[in-house]
Amino acid sequence: MNSTRSKEPANILKDISKCVRCGSCRVLCPTSADDPLEPLGARGRLMLLRGLLTGKIQPSRLLNERIFSCLLCGACTGKCPLGVDIPAAIYYGRALLEKTDKKRGFMRAFLRLSMKWPDLAFSLARMSQHFLVPALAKLGIIPFSHALPEIPLRRLEQVFKVQKKRGRVAVFTGCSVNYIFPSLGESLINLLQQLGYEVVLPKGEVCCGALLRSLGLEDEAVLQAKKNYQVFSRLKVEAILSLCPTCTMNLKFDYPKMIGKGLEKAMDISAFFRDKVEITGGIGKTAFFHDPCHLRYSLGMQEEPRELIQKAGIELIESRDSGCCGFAGLYCFYYRDRSRSLLQRQTKNIIDSRADTVITSCPGCILQLSQTVTDRPVLHLVEILEEAYCYRQADKKSVLKAQMERVGEKP
Ligand code: SF4
Ligand code: SF4
């Protein structure tokens, strides 16, 4: 396979070798906070990878656990004064350890098949959602079950036209919006159209590859990256928007490391809408904004979503101790207790804030937080923007508005 991986061992080792073991990368590492054992933190994992790459440490079940128990949240990278790319080293280590890692073997086989026939996998999951999926969740084999929609968002090539065209954008739906939360994608399309943007959902989008990479399936992820690059790079659009920060991070920053070129127009919605939506208050609720890790650490966006929420007339109640929700893709499947303890911590922050609503900007975080935050809505930023811009302007009462009203008094 003609990927950039052939150059990687030396590059990764060179990058790891810059480490002076200062420990700054441990400060925000959620797994370090949960367990101070050195190999369960960013610095410890790097040292183990150094040992693996230099042949001083051999693959083992314990080593796999240390390397696969990283959330790939990216909190460590920005903290390193020498710029060591710790998640890149972890991805590389996982690709090296994949063959010896039996624990996730079934999931690899399942994902390989799902990537080949995604719509068939969706239909089977949908057919079994009323008996098999809840039973598996009850037995603790999967962390939770969630109702699936009748049909995915993406079908063939879709172009949503507008009368007075201000611009043209593409939407990268990602698997979570396409197969679990298509209504979020519909909100995004509606908002874009109201603002005068023609919206394209091109034929041929495939999974961004993040889940495959997290399991060490680098070659399969490279294949997905090439397909997406081919589909999206040919489009004449102003931006490629995704409602999932992991997809955006992957398209924009990880594809160059994987295939030597990235989709530079990939953008988070808060960056795109920041100077485009004119909204002047009105929703009048209080909210807790949960920062998705990849939005905060990899895309560097904290101010933009908050600014938009405040523009919509929502009072933000901040928590000083806000952190990861513990979802992290497949992390919540394999490290159930640790994932749960991160979720409980963030739930406590939310309850203590006494905010009416929780707003985030990642479908995975919504899935995770909705398990324990059941007394108030957990919403995606795009729903707030749609409410503030499309419905309040037209003086219509949206589904969201009704949902927010049903929440009742503050807890
Ligand atoms: S990516 Fe996150 S969990 Fe993994 S080592 Fe870095 S800070 Fe820790
Ligand atoms: S912050 Fe950078 S230099 Fe310091 S221990 Fe972590 S990786 Fe090494």
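Within the range 190-225, restricting attention to residues that are of a type in the set (V, I, T) and open to solvent by less than 10 Å² (accessible area, probe 1.4 Å), which residue is farthest from A388 (Cα to Cα)? It comes out as V222. Reported count of residues in the range 7-25, each being touching a Ser or Thr at 6+ places or on another chain (Cβ under 8 Å) and either within 12 Å of ligand 1 (Cβ to nearest atom) or open to solvent by 70 Å² or more (accessible area, probe 1.4 Å) (or both), is 1. Every listed requirement among (1) surrounded by 18 or more Cβ atoms within 10 Å (Cβ to Cβ); (2) within 15 Å of ligand 1 (Cβ to nearest atom); (3) in a helix (DSSP H, G or I); (4) not hydroxyl-bearing (S, T, Y) is met by V84 save one, (3). For first residues located in the range 255-268 and assigned to a loop (DSSP other than H, G, I, E, B), partners that are among the acidic types (D, E) and at pLDDT 95 or above and lie 6+ apart or on another chain with Cβ distances below 8 Å form the pairs G262/D254; K265/E238.
Can you say whether I57 is among the β-branched types (V, I, T), more than 15 Å from Y297 (Cβ to Cβ) and either modelled with pLDDT of 90 or more or open to solvent by 60 Å² or more (accessible area, probe 1.4 Å) (or both), as far as the supplied structure shows? It is true that I57 is among the β-branched types (V, I, T), more than 15 Å from Y297 (Cβ to Cβ) and either modelled with pLDDT of 90 or more or open to solvent by 60 Å² or more (accessible area, probe 1.4 Å) (or both). Out of curiosity, is E186 open to solvent by 30 Å² or more (accessible area, probe 1.4 Å) and within 26 Å of K164 (Cβ to Cβ)? When the stated conditions are applied, E186 passes them.
Restricting attention to the range 63-81, the residues being modelled with pLDDT under 95 and more than 22 Å from C324 (Cβ to Cβ) number 1. Residue selection: S322 fails the criterion of being out of contact with any Leu (no Cβ under 7 Å at 6 or more places or on another chain), assigned to a helix (DSSP H, G or I) and at pLDDT below 95.
Within the range 34-54, restricting attention to residues that are part of a helix (DSSP H, G or I) and within 9 Å of ligand 1 (Cβ to nearest atom), which residue is most open to solvent (accessible area, probe 1.4 Å)? Here the answer is R43.
Within the range 64-79, identify whether any single residue is out of contact with any helix residue (DSSP H, G or I) (no Cβ under 9 Å at 6 or more places or on another chain), within 15 Å of ligand 2 (Cβ to nearest atom) and open to solvent by 60 Å² or more (accessible area, probe 1.4 Å), and answer yes or no. No.
On the given criteria, is L28 within 13 Å of ligand 2 (Cβ to nearest atom), at pLDDT below 90, open to solvent by 30 Å² or more (accessible area, probe 1.4 Å) and not assigned by TED's automatic domain parsing to the domain that holds Q346? Against the criterion (within 13 Å of ligand 2 (Cβ to nearest atom), at pLDDT below 90, open to solvent by 30 Å² or more (accessible area, probe 1.4 Å) and not assigned by TED's automatic domain parsing to the domain that holds Q346), L28 qualifies. Filtering the range 11-33 for residues that are touching a helix residue (DSSP H, G or I) at 6+ places or on another chain (Cβ under 8 Å), in a loop (DSSP other than H, G, I, E, B) and of a type in the set (D, E, K, R) leaves a non-empty set. The conditions of being at pLDDT below 95 and closer than 21 Å to V373 by Cβ are met by L316. When the range 1-25 is limited to residues that are modelled with pLDDT of 80 or more and of a type in the set (V, I, T), the one that is nearest to ligand 2 (Cβ to nearest atom) turns out to be V20.
The values are calculated or read from the model by the stated rules, or taken from the named source; none is laboratory data. Since this is a predicted model, take the numbers as computed values, not measurements. Quick reminder, even Gly has a Cβ in these numbers, built from the backbone with ideal geometry, and neighbours come from all protein chains shown. Each accessible area value is taken on the protein alone, full model and side chains, heavy atoms only, with ligands, DNA and RNA left out. Shrake-Rupley method; radii C 1.70, N 1.55, O 1.52, S 1.80 Å.
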